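Here the structure comes first, spelled out in structure tokens, and everything after it is commentary.
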Amino acid sequence: MKIVFVGPFGLQPKSTMKARALPLARALAERGHELTVLLPPWDDPARAGQVWRDGRVEIINIALPPGIPLLFHGAVTHALLRQALLLQPEVIHFFKPKAFAGLAHWAAWQWRRRAGLSIRLVVDTDDWEQAWNEKLNYPLWQQRFFTWQERWGLAHADVLTVASRELAHLAAASGARRIVYVPNGVTVEAGPVAKLALSPAQVRARWQLGQAPTILLLTRFVEFRLERVVRLVRLVAEQMPEARWLIVGSGLYGEERELERLLAEAGLMALVRLTGWVPYTDLSAYGQAAHVAAMPFDDTLINRTKCSVKVLELLTTGIPVVADAVGQNCEYIQPGSTGLLTPPEDDEAFSRALVSLLQDSAWQRALGGAAAQYVKHHFNWTDLARILEEAYH
């Protein structure tokens, strides 16, 4: 089967195409399908016009026209549709019902109706995009346009693939015809694991963690209110003063600087290491340098509908995870068997769970090992690709 994946942006810096679409394309290609990933790299212009192969998958970054508003958007949409049709696919799968992928879906739907083509038009959603409108400070006109795109795209897809259970519920209420649940997954390596560029011991030495029990918080600072982190640091310190926090990541609007200010005001900065952004290749080492991972998720629409790649990646490394029982966390973590879930936004329960794990190294190993095996068995891309393959028919 010839299949084209169309993205709303490039492979980087955003993660959807790299962490979701590309692994699915690889897994489908391994099953004998002909896969092309078609990208409009407006956010990665250095790759504009570049074409290469990723194993059996062809990746095409379209050339970018001059950046004249509206003309630019029309030209990019036309280029995506033209290139997709030239490939003569049986299926075009649009990743996200908004921005350029949403525009290309609308154009393809109109073209199919006029030309009488038999191409199946599939849409993937891994977020409830309307919930991000205010979070990302879009102007009002853009918020309204993205909202219209999402509603139209969900209702006009032959098949809608969703990354979370909550998205499935919302999509059904939005008039989606056929909904297929395809959560994010992990790649199960067939050969030996590659050697880390940075060792866990080097991470601990760099951040002067010594022998301290360490909690990792890997975040973009969108999952929780900053005040919750301050409260959790304080509550853990009251029970285990020697514990330290390794907070990895940077926010969309410099939230890490605001968190530093709040921690300093509370007199808690000595307990925390704020690393800022770190290279993706080093994240595994940071995970292995800690004893426990904390994933606080406020009970918001964004968190209920998202499918966190970070949670999956942490579970895969074998580090035990404590998370709020919100959204897909309840799919990925089996409470008490592969991690710990606490009632949403119950900081006292969350801190007790962290401390209990930090005090029991055997329990850490048991939960971490079980988590890694569980997600590799139940959420591997190979099996998820089979679900997608069936959805295309």
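The values are calculated or read from the model by the stated rules, or taken from the named source; none is laboratory data. If you're wondering where the values come from, they're calculated on a predicted model, not measured in any experiment. Positions of Cβ are backbone-derived with ideal geometry, glycine not excepted, and every protein chain shown enters the neighbour counts.
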Looking for something surrounded by fewer than 20 Cβ atoms within 10 Å (Cβ to Cβ) and more than 25 Å from His33 (Cα to Cα) - is there at least one such residue anywhere in region 379-388? no
Cβ pairs under 7 Å, 6+ apart or interchain, first in region 369-393 and within 25 Å of Thr317 (Cβ to Cβ) and in contact (Cβ under 8 Å) with a residue 12 or more places away in the chain, second of a type in the set (Ser, Thr, Tyr) and in a loop (DSSP other than H, G, I, E, B), ordered by first then second residue, are Ala370/Ser337; Ala370/Thr338; Ala371/Thr338; Tyr374/Thr338; Trp381/Thr187
Selection from region 21-42 of residues assigned to a loop (DSSP other than H, G, I, E, B) and either of a type in the set (D, E, K, R) or free of Cβ contacts under 8 Å to residues at least 60 places away in the same chain (or both) yields Arg31, Gly32, Pro41, Trp42
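Would you mind stating whether Gly74 is in a helix (DSSP H, G or I) and surrounded by fewer than 18 Cβ atoms within 10 Å (Cβ to Cβ)?
yes
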Only unsatisfied item for Gln149, checking (1) closer than 25 Å to Leu24 by Cβ; (2) not hydrophobic (A, V, I, L, M, F, W, C); (3) not in a helix (DSSP H, G or I), is (3)
Requiring at least 3 residues that are surrounded by fewer than 17 Cβ atoms within 10 Å (Cβ to Cβ) and among the basic types (Lys, Arg), the helices (runs of 4 or more DSSP H) wholly within region 153-264 are none
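So, Asp346, is that one farther than 30 Å from Gly32 by Cβ, at pLDDT 95 or above, surrounded by fewer than 18 Cβ atoms within 10 Å (Cβ to Cβ) and within 26 Å of the chain's Cα centre (by Cα) or not? Reasoning before the result, please.
Working: farther than 30 Å from Gly32 by Cβ: yes; at pLDDT 95 or above: yes; surrounded by fewer than 18 Cβ atoms within 10 Å (Cβ to Cβ): yes; within 26 Å of the chain's Cα centre (by Cα): yes.
For Asp346, the condition - farther than 30 Å from Gly32 by Cβ, at pLDDT 95 or above, surrounded by fewer than 18 Cβ atoms within 10 Å (Cβ to Cβ) and within 26 Å of the chain's Cα centre (by Cα) - is met.
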Picking from Ala323, Ala371, the residue that is within 27 Å of Leu198 (Cβ to Cβ), aliphatic (A, V, I, L, M), outside any helix (DSSP H, G or I) and touching a strand residue (DSSP E or B) at 6+ places or on another chain (Cβ under 6 Å) would be Ala323
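From the list Ala99, Ala115, Ala104, exactly one residue is closer than 24 Å to Val51 by Cβ, over 22 Å from the mean Cα position of the chain (by Cα) and of a type in the set (Gly, Ala, Ser). Which is it? Working first, answer last.
Numbers: Ala99 fails: over 22 Å from the mean Cα position of the chain (by Cα); Ala115 fails: closer than 24 Å to Val51 by Cβ.
The unique qualifying residue is Ala104.
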Those residues of region 106-152 which are β-branched (Val, Ile, Thr) and in contact with a strand residue (DSSP E or B) (Cβ under 7 Å, 6 or more places away or on another chain) amount to Ile119, Val122, Val123, Thr125
